[in-house]
Amino acid sequence: YRPDWASLDARPLPAWFDRAKVGVFVHWGVFSVPAWGSEWFWWHWQGQHDAAYESFVRRRFPPGTTYADFAPQFTGHDFQPRQWAQLFQQAGARYVVLTTKHHEGFTNWGSPVSWNWNSMDTGPHRDLVGELGEALRESNLRYGLYHSLMEWFNPLYLADKQSGFKTQSFVLKKTMPELYDLVLKYKPDLIWSDGDWEAPDSYWNSTSFLAWLYNDSPVKDTVVVNDRWGQGCSCRHGGFYNCADKYRPGTLPDHKWEMCSSLDRLSWGYRSNMNLIEVLDEMSMIEELVQTVSLGGNYLLNVGPTKEGVIAPIFQERLLALGRWLDTNGEAIYESQPWRVQMENSTDMIWYTSKGPVVFAIFLLWPQDGDLHLSSPIPSPGTQVTLLGYGGTLKWQKSPGKGMLITLPYMLPSPLPPQSGWVVKLEGVK
């Protein structure tokens, strides 16, 4: 591969990524110490001088507190990588993406070019990136590394910015050495780049890094990258496309993409003042997953651990609910392909996926009369219909209009709202 987009964009995406469908994102860093507002805490407080953040720091911390003072309190005391890996596996994730460094510049490994601002020299005094990687690999999960190209307050970055990005001191002394170090040390399956938007890819040296990654790195055949490699790259260049946070395309894109979403609707990092109503409920989570996969995307669901390294019980509960749903219905998700129709035109409550000749119809609401009407599939005399997680075949008939009418099994009325999302498997339909 040559260090230009025409060549790099032509690289086929390693197949594991499309097959995986489900991942967990982890936002963890010094921002987990104030644990308020969002992971952009430092920027809102000292970049924008937001009054709410300034008064929060005055109320909670001693006078003269700096952001650097938070680092020693980022202890990771309760961080148990094996427990995390087990939880993510039970959640049905096939890959996990950890923040190795957010825009604050603090590195979750002993970066040789981040003196005293890394997890070995201060805070946990542990290699968080390495420990989690080891645990995930024991559980056969793929490992992705999130890495921010820029750092809000790094003097080298600010000087380059001042020059209109004509100089590259920050890239040559900080960003690139760290990216190469991460790849050589941890051999990631995925690099989730971010923090690129202020400068063009020529400033970041993105294309020469990616050419090395695809040609000569230890992960050249398996590694997958996203599309955040410089101004204007998003949704146009790189490996799979993120396009924007919480991106929903609406129709089937012609390029592999990923939707990243967060269990805390208001933040990616942990917030100590989070309310239950702000947490994604089970139905919304299943809905996002189903819509994303029907449209050919992967679903990357984020949690923000506490400064001690605890994943809040409410997040654990949601992840386990996702895992239970996938235990029953995963056949329609993992390794599936978009079908010729992605959703029923009359409703956004019925979505389709396929595997070879088999079609899966995923319905998010249980029909009140117990009959599921599907207008898109064309049945044949040999058509067989089953409900995933339920024994035996289901009765069906041709609809008077077009499509088919499926008689669902009788569900006992329950005072609780039912789980969301059921899958009928259709064999012998067109």
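Here, each number is a calculation from the coordinates, and none is a lab measurement. Fair warning: this is a prediction, and the values are worked out from it, not measured in the lab. All Cβ positions, glycine included, derive from the backbone under ideal geometry; neighbour counts span all protein chains shown.
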So if R0 is 56 Å, what FRET efficiency would Ser55 and Ser202 give, r being the distance between their Cβ atoms, rounded to the nearest 0.05? 0.85
For the chain, with the dipole built from +1 on Lys and Arg beta-carbon atoms and -1 on Asp and Glu ones, taken about the Cα centre, which of Ala15, Gly403, Trp204 lies farthest toward the positive end? Gly403
Is the shape of region 161-240 rounded, prolate or oblate, going by the alpha carbon gyration tensor and its root eigenvalues a ≥ b ≥ c, with a/c under 1.5 for rounded and a/b larger than b/c for prolate? oblate
Over the chain, with a Gaussian network built from C-alpha contacts below 10 Å, which listed residue (Gly269, Gly76, Gly23) shows the highest mean-square fluctuation? Gly76
Positive-end residue of Pro34, Asn154, Gln168, charge dipole of region 5-332 with Cβ unit charges: Gln168
Work out how much length Lys187 to Asn273 would gain on full extension: take 0.36 nm times their residue separation and subtract the Cα-Cα distance, in nm to one decimal. 27.3 nm
Tell me, what ³J(HN,Hα) does each residue in region 101-109 have, in order and in whole Hz, if you take phi through Karplus 6.51 cos²θ - 1.76 cosθ + 1.60 with θ = phi - 60° and put x for Gly and Pro? 6, 9, 5, 6, x, 6, 9, 8, 8
Within the chain, longest stretch free of exposed GluC sites (Glu not before Pro) [DSSP loop, at most 16 other beta carbons within 10 Å]: 1-197
Scan region 219-260 for trypsin sites (Lys or Arg not before Pro) in coil per DSSP, keeping those whose Cβ has at most 15 other Cβ atoms within 10 Å, and list them by number. Lys220, Arg236, Lys246, Lys256
Expressed in angstrom and rounded, the centroid-to-centroid distance over alpha carbons for region 218-241 and region 78-140 is 22 Å
Treating the beta-carbon of each Lys and Arg as +1 and of each Asp and Glu as -1, no other charges, what is the dipole magnitude of region 1-147 about its Cα centre, to the nearest 20 debye? 380 debye
Here, trypsin sites (Lys or Arg not before Pro) of region 321-412 satisfying both criteria (DSSP loop; at most 13 other Cβ within 10 Å) are Arg340, Lys395, Lys402
Given charges of +1 on the Cβ of Lys and Arg and -1 on the Cβ of Asp and Glu, with all other atoms neutral, how large is the dipole of region 5-332 about its Cα centre, in debye to the nearest 20? 220 debye
The answer for chymotrypsin sites (Phe, Trp or Tyr not before Pro) in region 83-173 that fall in a DSSP coil and have at most 10 neighbouring Cβ atoms within 10 Å is Trp115
Dipole check, the chain, charges on Cβ (K,R +1; D,E -1), about Cα centroid: among Thr386, Pro367, Thr107 the Cα furthest to the positive pole belongs to Thr386
Which value in deg cm²/dmol, rounded to the nearest 500, describes the helix-derived mean residue ellipticity at 222 nm for the chain, given -39,500 (n - 2.57) per DSSP H run of n ≥ 4 and division by the residue count? -7000 deg cm²/dmol
Which of [x] 155; [y] 121; [z] 206 gives volume of the Cα convex hull per residue in Å³ as computed here? It is [x]
For the chain, give me every cysteine whose Cβ has no other Cys Cβ within less than 4.7 Å, ordered by residue number. Cys233, Cys260
